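The values are calculated or read from the model by the stated rules, or taken from the named source; none is laboratory data. Bear in mind the structure is a predicted one, so any value in this text is a computation, not a measurement. Ideal geometry is used to build each Cβ from the backbone, glycine not excepted, and the neighbour counts take in all protein chains shown. When the accessible area is computed, the model is the full protein with side chains, heavy atoms only, and any ligands, DNA or RNA have been set aside. Shrake-Rupley method; radii C 1.70, N 1.55, O 1.52, S 1.80 Å.
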Amino acid sequence: MSYDTTADPTADEPPILPADRHTGCPFDPPAGLTALSDRPVRRLRYPDGHVGWLATGHAAARAVLSDPRFSSRYELMHMPVPMPALGEMTEIPPAPVGDFLGLDAPEHTRFRRLLTGKFTVRRMRQLAERVEQFTAECLDAMEQDGPVVDLVEAFARPVPALMICELLGVSYADRDRFQEHVATLFDQATDVAARAEAYTAVHHFIGELVAAKRAEPTDDLLSDLTTSDLTDEELTGVGGVLLAAGLDTTANMLGLGTFALLSNPDQLEALRADPGLAEQTVEELLRYLSVADPIPRAALEDVEVEGQLIKAGETVTVSVQAANRDPHKFPDPDRFDIHRKATGHVAFGHGAHQCLGQQLARVEMTVAFPALFARFPGLRLAVPPEKVPLREHANIYGVVSLPVTWDPAPWNGE
Amino acid sequence: MNDVREPLRLSVDRERCVGAGMCALTAPEVFDQDDEEGLTVLLHPEPAPEHRAAARMAAGLCPAGAIALIPTEPTDS
Ligand code: SF4
């Protein structure tokens, strides 16, 4: 494989990161991004004027994300997309206490080490029963409220929310209050000020939770962590990260994933015919939808990636969706095909920061999708597909709502 | 190279492991994760032929490059 590295990459005016998905297929990357994927690494103009880089190739993405010479510290980065939440600020503040996503080794390692043992494949599989239970409860409620319900509200959001409550040890009495704040926090329609308020409320809530677990530990992750050397402030930050990372991502995968399956009846039929395909379907959905995108990194020193020299101080943005549609890695990449081997996708990132909760996300989806389609064999969209509102400018891509309907079961006399 | 008849020897570097669990997911017969830290545990440094392909794949998928394939002496079979 050879790429033209002789041409001066700065000769043309560097493009900005294309974000507009709504003109084409809602599951495809923006057309402009696909056009930029002819070279694995190229120049990119950032909203603050910085001229950095864009990595779209699968190998380039893995190289950048696994190389410790690329930093995850927020304050070293230029953001590839406008950040309304920053307001007038031009410099990005460092990670708040406990937000280990914005740290490098060894600070990052300290948090990561404390947490990985809680998210092993085995532990997450043991949680499958709880996921089944929550899913069934949500589906019961959905059946009662419909037909015609918003699947995001009835199913995609509550399933991961209940699992996070379970993991963090939020009591049943507090779950509604907690979920309300959380819903506001992730609601794209809410303005920045209201979301900031919800953020404070959630943070406060988790702080109280940490104090409660320290006073009276129960059988959950936060209680476990009170025995570590993390301070209460750090623990509260960690709780917030787990919440944000574990909720919005999975919720959007469930919402957009259902939309994708309903839009590809042959694939849905294949999954229905063979529930053994569930795990594979989840991997393909992760690849095909790539909802968490993009991932920026800052070069700490000069690094060469696929023949391009990225200089110290420059930001390189990894486009997960482009990498997951790299034809060198995934033949016919734009085809949604649950029979393909999608393993090796970078939907969970790669390197030291690769998603900590990925095994939980897998369990949730592997249980939830088949349960949904088993309960509602005639599930279909209640609006034309082009009327489904998309989260165009959110950090995590997905559907704002997904109105669905089904044929009510005949009354069976019970 | 990816011939399952070819013997395979593995080593893991627990210092590099980030506990993402790709190995235990991909080749559960060969890798596990310990309960305390979630770091990789190599169950079979020389996996049986039927597990070699999965073990190679796990090495390729590991986000931290913590799994190494150690070259073995070619056998004359
Ligand atoms: S895949 Fe790599 S990083 Fe993940 S648990 Fe296994 S050895 Fe560790």
Going by the conditions given, is residue B:15 more than 13 Å from the ligand (Cβ to nearest atom), within 24 Å of residue A:224 (Cβ to Cβ) and out of contact with any Phe, Trp or Tyr (no Cβ under 8 Å at 6 or more places or on another chain)? no
Output for Cβ contacts, cut-off 6 Å, separation at least six or different chains, first residue under 16 Å from residue B:25 (Cα atoms) in segment B:37-51, second more than 15 Å from the ligand (Cβ to nearest atom) and open to solvent by less than 60 Å² (accessible area, probe 1.4 Å), reads B:47/B:8
Expected single match for open to solvent by less than 60 Å² (accessible area, probe 1.4 Å) and within 14 Å of chain B (Cβ to nearest Cβ) among A:185, A:127 is A:127
Of the residues in segment B:18-36 that are in contact (Cβ under 8 Å) with a residue 24 or more places away in the chain and assigned to a loop (DSSP other than H, G, I, E, B), the one that is farthest from the ligand (Cβ to nearest atom) is B:29
Residue A:12 fails exactly one of (1) at pLDDT 90 or above; (2) open to solvent by 70 Å² or more (accessible area, probe 1.4 Å); (3) more than 29 Å from residue A:400 (Cβ to Cβ), namely (1)
Being assigned to a loop (DSSP other than H, G, I, E, B) and over 27 Å from residue A:398 (Cα atoms) narrows A:67, A:48 down to just A:67
Could you tell me whether residue A:224 is open to solvent by 50 Å² or more (accessible area, probe 1.4 Å), of a type in the set (Asp, Glu) and in a loop (DSSP other than H, G, I, E, B)? no
Checked A:105, A:55, A:61, A:95 against criteria (open to solvent by 10 Å² or more (accessible area, probe 1.4 Å) and under 21 Å from the mean Cα position of the chain (by Cα)); the one match is A:95
Exactly one of B:55, B:59 is more than 10 Å from the ligand (Cβ to nearest atom), more than 8 Å from chain A (Cβ to nearest Cβ), touching a residue at least 24 places away in the same chain (Cβ under 8 Å) and not in a strand (DSSP E or B), and that residue is B:55
Among residues of segment B:37-52 being outside any loop (DSSP other than H, G, I, E, B) and within 13 Å of the ligand (Cβ to nearest atom), the residue nearest to residue A:111 (Cα to Cα) is B:40
